1. Please determine whether any residue of segment 360-382 is surrounded by 16 or more Cβ atoms within 10 Å (Cβ to Cβ), at pLDDT 90 or above and under 22 Å from the mean Cα position of the chain (by Cα).
2. Taking only pairs six or more apart or across chains, which ones have beta-carbon atoms under 6 Å, a first residue in segment 294-323 that is at positive phi, and a second residue that is assigned to a helix (DSSP H, G or I)?
3. Given (1) buried (at least 19 other Cβ atoms within 10 Å of the Cβ); (2) touching a residue at least 40 places away in the same chain (Cβ under 8 Å); (3) closer than 18 Å to residue 118 by Cα, where does residue 25 come up short, assuming only one miss?
4. Filter segment 295-323 for residues that are modelled with pLDDT under 90 and assigned to a strand (DSSP E or B) and give the result.
5. Go through segment 185-206 and give me each residue that's buried (at least 19 other Cβ atoms within 10 Å of the Cβ) and out of contact with any helix residue (DSSP H, G or I) (no Cβ under 6 Å at 6 or more places or on another chain).
6. Yes or no: residue 267 in contact with a helix residue (DSSP H, G or I) (Cβ under 7 Å, 6 or more places away or on another chain), free of Cβ contacts under 8 Å to residues at least 60 places away in the same chain, within 20 Å of residue 352 (Cα to Cα) and surrounded by fewer than 21 Cβ atoms within 10 Å (Cβ to Cβ)?
7. Does residue 157 satisfy being modelled with pLDDT of 90 or more, more than 29 Å from residue 185 (Cα to Cα) and surrounded by fewer than 16 Cβ atoms within 10 Å (Cβ to Cβ)?
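The values are calculated or read from the model by the stated rules, or taken from the named source; none is laboratory data. No experiment lies behind these values; they were computed from the predicted model shown. Here Cβ is always computed from backbone atoms with ideal geometry, including for glycine, and neighbour counts include all displayed protein chains.
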C-alpha cells in the first residue's frame, strides 16, 4: 500500500474534512501523514493518521497569532494575515521536499488553500490531488471570485465588476503570489502566481455541489462529491420550532451579533440555540440567556439541524452543506474569506436569505419570519439534498484520490460513481 501526505492550512474545518477523506484510504491499507507546523498537531483526532512537524518555530508565524488574525480579518490585520499565509507557504516549500523524501511519500493530497502541497509534489514528480474544503479557487472570468459577495450576472456591468475585483484581490495577495512565483521558478515549474495555478491535473475533489453554484466551466478532472464527513447522516427527524446559530470556530466571539440574533428570535417567537465554539465568556452567555437563548460551546451540528427550522450562519461552506443535508433554510451572515461567495450562492439557489452583520434585530426578525413561513425555501432545498445524497461524499472522494495517485492519470467526471 502507498504512503500519502496531506497538506492543508491549520484550520479546524479543513483538517476535519481531510481526516474524513483519509478514513476510507486508511481502511484500504494506505498510510496517511499530515505535514504542518508543530502547533497544528493538536487539530488531529484520528490516531491512525501520522503527523510530521515541519519548519522552524522561530521562522514560522505562531499558529495562535494567525488564528487571531483570521478571526478579525479587517484593516491592517488583513495585510498581516496575508503575510502570515505567505510565510507558511514559504516554509512548507522549503521544508517539504526533504521531509517527503525522508518519509517515503508516494502521493500528495493538497488542500486548495495551501499552494505548497501542489508545488512541492509537482517539483518532486509525485502525483497529487487537490481538495477544495472551502469554495473552489478555480477561476472563471465569467464569475466573481469565491471571496466576493456579488450575485451572478451575465451583463457587461457584472463582468466588469468581476474583472476589477479580481485585479484588486490579486494586488492585495501580491506578497503571497510572490512567494508562489519564486518557489515555482526555483522548482523549474514555470510561471505560477496564485492558488488557482497550483491545482492538480489528475483530480480535484470539492465538498460542494453543482446545484449549489453559479453556472461555470470546470476541468474534466473536477469532482463535486459533497460534504466530506466521517459517516453518513441518518434520516431526518421531526422538525421542531428551533433556530440554530453558529459562526464557526473562528468567529464565535461575536457577542453583539449573537445578541442581535437572540433578540430577533425573541421577537419572532422561536427558540434559539447558539454554539459559540468557546468564543464567549460566562458573563456574555448569561446575558444571552437573559435574551432567551440557550448557549453551548460546541454542538453536534447535523443532529441539531435535523430538529431546527432555520440556521443562522456565517455562511461557512460546511454549515451550509449540513443545512442542505437536513433541508434547513439558511439565514447567511457572511463575515470573511469565501463566506460572501457562499452567501451569494444561498440567495442564487433560493434556499435562504442573506443579511449584513450590521443589520438590526428588526431586519433579522423579518428575515427569520420569512424563512419560517415561506415553504418555498424548504422545497428548493429538497432537490439539492437529493443531489448531495448522490454525490458520494468521503467514500467517493477517496476512490477518486486513490485512482489518481495510483495510476497517475487524470480521473474524469463520471468515471467513478
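1. yes
2. Between residues of segment 294-323 that are at positive phi and residues that are assigned to a helix (DSSP H, G or I), the close pairs are 315/339; 315/342; 315/343.
3. (3)
4. Once the filter is applied, which keeps residues that are modelled with pLDDT under 90 and assigned to a strand (DSSP E or B), segment 295-323 yields 295, 296.
5. Taking segment 185-206 and keeping what is buried (at least 19 other Cβ atoms within 10 Å of the Cβ), we get 192, 195, 197-200, 202-206.
197, 199, 200, 204, 206 - these are the residues of segment 185-206 that are buried (at least 19 other Cβ atoms within 10 Å of the Cβ) and out of contact with any helix residue (DSSP H, G or I) (no Cβ under 6 Å at 6 or more places or on another chain).
6. Details: in contact with a helix residue (DSSP H, G or I) (Cβ under 7 Å, 6 or more places away or on another chain): yes; free of Cβ contacts under 8 Å to residues at least 60 places away in the same chain: no; within 20 Å of residue 352 (Cα to Cα): yes; surrounded by fewer than 21 Cβ atoms within 10 Å (Cβ to Cβ): yes.
Criteria not met by residue 267.
7. Values: modelled with pLDDT of 90 or more: yes; more than 29 Å from residue 185 (Cα to Cα): yes; surrounded by fewer than 16 Cβ atoms within 10 Å (Cβ to Cβ): yes.
Judged against the criteria, residue 157 is a match.
Rundown of residues vs (1) modelled with pLDDT under 95; (2) in contact with a strand residue (DSSP E or B) (Cβ under 8 Å, 6 or more places away or on another chain), yes/no style:
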residue	(1), (2)
90	yes, no
106	no, yes
119	no, no
122	no, yes
129	no, yes
